1. Once the cut-off is 14 Å, how many percent of the Cα-Cα pairs in region 41-84 end up in the long-distance tail?
2. If the only charges are +1 at each Lys and Arg Cβ and -1 at each Asp and Glu Cβ, what is the size of the charge dipole of region 1-52 around the Cα centre, to the nearest 20 debye?
3. For the chain, what relative contact order do you get, as a whole percent, if you take Cα pairs closer than 8 Å and at least 6 residues apart?
4. For the chain, what class follows from the C-alpha gyration tensor (a ≥ b ≥ c being the square roots of its eigenvalues): rounded when a/c is under 1.5, otherwise prolate if a/b is larger than b/c, else oblate?
5. Rounded to a whole number, what % of the accessible area of region 8-56 do carbon and sulfur atoms account for, probe 1.4 Å?
6. Kindly report the accessible area of region 12-87 per residue (heavy atoms of protein chains, probe 1.4 Å, no ligands, DNA or RNA), in Å².
Amino acid sequence: MEFEKNNIHLTDYSFQKLCDLEFGINRGVYNEIDKYFYHIGIINILERRKQILRFIEFHATAEKKRVRFGNGGLRQRLIEYMDKVAI
């Protein structure tokens, strides 16, 4: 939570770069995650960023922080996340 609290107020570019450096989430994947949360009704950017970090951390393991979704796996993982973790 401290990581989230300290980073959700970064500029758009810096926040996306943080996701890339910390978790290996490139700009295209980041934009798709952001778009998904926006379309399901999370309009507030700070709340969306919290959900983005929680989603990524949900899929990151302790020994390997890099997150890979595979070809076409991102949408399915987002749906699974929403089913398991209610906002």
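1. Details: 519 of 946 pairs.
Tail of P(r) above 14 Å: 55 percent of Cα pairs.
2. Charge dipole, region 1-52, about its Cα centre: 100 debye, nearest 20.
3. After rounding, I find 27 percent.
4. Values: a/c = 1.32, a/b = 1.06, b/c = 1.24.
In terms of gyration-tensor shape, rounded.
5. Values: 1320 of 2500 Å².
Roughly 53 percent, rounded to a whole number.
6. Details: 4620 Å² over 76 residues.
I get 61 Å² per residue for this part.
The values are calculated or read from the model by the stated rules, or taken from the named source; none is laboratory data. This one's a predicted model, so the numbers in the text were calculated from it and none came from an experiment. All Cβ positions, glycine included, derive from the backbone under ideal geometry; neighbour counts span all protein chains shown. All accessible areas refer to the heavy atoms of the entire protein, side chains included, with ligands and DNA or RNA removed. Shrake-Rupley method; radii C 1.70, N 1.55, O 1.52, S 1.80 Å.
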